[in-house]
Amino acid sequence: MSLPPILTERLRLPAVASPMFIVSGPELVIAQCKAGVVGSFPSLNARPAAQFREWLVRINEELAKHDADNPEQPAAPYAVNLIVHKSNDRLEEDLATVVEFQVPIVITSLGARADVNEAVHSYGGIVLHDVINNVFARKAVERGADGLIAVAAGAGGHAGAQSPFALINEIRTWFDGPLLLSGSIGHGRSILAAQAAGADLAYIGSAFIPTDEANAVPGYKQMIVDSTAADIVYSSRFTGVHGNYLRPSIAAAGLDPDNLGDRDPSIMDFGTDESTGTEAKPWRDIWGSGHGIGTIDAVVPVADVVDRLAAEYAAAKARLQQL
């Protein structure tokens, strides 16, 4: 099955920047799209809810201006992430805004709902759904998702535990639609590896945290630069869903990274004080990150990150041709 044009045209790299809680805002999304990768953000990052509309107006206006000024290199499309979970009391309002603005790509997480997919399809948008295993993948497609994001071991934030090779191969036994791979993709050769493994595009998050445009505090950005995969802790303690977090940020919150315990997934939350037992809040104080940060050595503009990834991707393709 060929990819829809929106996932191929205007992209400098076969890559989608993942939506990161707090970190992804208009500045980051606009910079990612201008650089040639799909930029995205969670609707819940816009607070209060009325700000969501303001962000969409700004993103559309700035990308339209960029396209007018750069007809030979128009911006990549953008995406909005909707949390499809009963804890999200903004879902219906945010979905109505998505439909009004005809957001081209919608990424759904933590649940799959046919009515959400139908609403996006009503204006010609596409839906990509986060999954951590093959069972969830089947449910998402059955409920109308156009494509899947395989969130494998090593991904930042809420992540699965399966090997990317296992997860991609199981999905590809029955699904030939758009498939993205998330998990430790911080280098251009990893983008090529994702394609070789069976994915169409890479899904990249942590590499964009230490950038000038990211809405992350300086300490968070520097911790990404200073850390490696060995500094990542996988735990459900903070939201009720397993995720990957930076060990030093856990320790700084007064918790023991090696003795966190688990949280009951039935009482999932996304940032209350009770979720940690301290004043520290997930995402704000306890910072998410994937395993693929070992090659990051500086805080730079988004354009520099995409330039680096593109050069590494091209070099990896050239090397394969020589083998």
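The values are calculated or read from the model by the stated rules, or taken from the named source; none is laboratory data. Values in this document were obtained by computation on a predicted structure and should not be read as measured data. Quick reminder, even Gly has a Cβ in these numbers, built from the backbone with ideal geometry, and neighbours come from all protein chains shown. Calculation scope for accessible area: heavy atoms of the full protein, side chains included, ligands and nucleic acids excluded. Shrake-Rupley method; radii C 1.70, N 1.55, O 1.52, S 1.80 Å.
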* Asked: Taking the alpha-carbon centroid of each part, what is the distance from segment 1-77 to segment 181-195 in angstrom?
  -> 20 Å
* Please identify the trypsin sites (Lys or Arg not before Pro) of segment 1-57 that satisfy two criteria: DSSP loop assignment and at most 14 other Cβ atoms within 10 Å. Which are they? -> none
* Structure fact -> TYR234 and ARG58 label points (each 7 Å along its Cα→Cβ direction) are spaced in nm at 3.6 nm
* Structure fact -> GNM on the chain, Cα springs under 10 Å; top mean-square fluctuation among LEU11, LEU201, LEU260 goes to LEU260
* **Phi-based couplings in Hz for segment 132-141 (Karplus 6.51, -1.76, 1.60; Gly and Pro marked x)** => 10, 7, 5, 4, 5, 4, 4, 4, 5, 5
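Could you compute the net charge surrounding VAL135? Neighbours are other residues with a C-beta less than 14 Å from the C-beta of VAL135; K and R count +1, D and E count -1. Kindly include the intermediate steps, with their values, before the conclusion.
Details: positive: ARG138, LYS139, ARG143; negative: ASP130, GLU142, GLU170.
Combined, the nearby Lys, Arg, Asp and Glu give 0.
Charges only on Cβ, +1 for Lys and Arg, -1 for Asp and Glu: so what's the dipole of segment 145-250 about the Cα centre, in debye to the nearest 20?
On the way: 5 positive and 8 negative charges, 60 e Å.
Dipole magnitude for segment 145-250 comes out near 280 debye.
Report the far tail of the P(r) of segment 113-255, meaning the percent of Cα-Cα pairs longer than 26 Å. Intermediate results must be reported in sequence, preceding the final value.
Details: 3223 of 10153 pairs.
That tail contains 32 percent of the Cα-Cα pairs.
Can you give the convex hull volume per residue for the Cα atoms of segment 80-192, as a whole number of Å³?
On the way: hull volume 12.4 nm³, N = 113.
So the per-residue hull volume is 110 Å³.
Could you tell me the convex hull volume per residue, in Å³, taken over the Cα atoms of segment 1-82? List each step's numbers first, then the result.
Details: hull volume 7.3 nm³, N = 82.
Measuring per residue, one finds 90 Å³ for the Cα hull of segment 1-82.
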* Could you work out the longest stretch of the chain that avoids the chymotrypsin sites (Phe, Trp or Tyr not before Pro) located in DSSP loops with at most 13 other Cβ atoms within 10 Å? => 175-323
* Where labels lie 7 Å past Cα in the beta-carbon direction, separation of ASN70 and ALA315 in nm -> 2.3 nm
* To do: Check the straight Cα-Cα distances from LYS65 and name the lysines below 18 Å, setting aside those fewer than 8 residues away within the same chain.
  => LYS34
* Ignoring ligands, DNA and RNA, what percent of the accessible area of the chain is carbon or sulfur (1.4 Å)? -> 53 percent
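What FRET efficiency would be calculated for the residue pair VAL99, ARG47, taking the C-beta separation as r and a Förster radius of 25 Å, to the nearest 0.05?
Values: r = 21 Å, r/R0 = 0.82.
Approximately 0.75, to the nearest 0.05.
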* Loop GluC sites (Glu not before Pro), segment 1-64, which have at most 14 other Cβ atoms in a 10 Å radius of their Cβ (DSSP) -> GLU9
* Asked: In a GNM of the chain with a 10 Å cut-off on Cα contacts, which of ALA49, ALA214, ALA202 has the highest mean-square fluctuation?
  -> ALA49
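In Å², and per residue, what accessible area does the chain have when probed at 1.4 Å with the other protein chains present? Don't skip to the answer; put the middle values down first.
Numbers: 13480 Å² over 323 residues.
Value returned for the chain: 42 Å² of accessible area per residue.
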* What lysines could a cross-link reach from LYS86, if we take a straight Cα to Cα line under 22 Å and drop same-chain neighbours fewer than 8 places away? -> LYS139, LYS281
* Say the dipole of the chain comes from +1 at the beta carbon of Lys and Arg and -1 at that of Asp and Glu; which of PHE41, ALA194, HIS129 then lies farthest toward its positive end? -> ALA194
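Rounded to the nearest 20 debye, what is the charge dipole size of the chain about its Cα centre when +1 sits on each Lys and Arg Cβ and -1 on each Asp and Glu Cβ? Intermediate results must be reported in sequence, preceding the final value.
Details: 24 positive and 38 negative charges, 131 e Å.
Its charge dipole is roughly 620 debye.
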* Structure fact -> Placing each pseudo-label 7 Å from Cα in the direction of the beta carbon, THR173 and GLU142 end up separated by a distance in nanometres of 1.6 nm
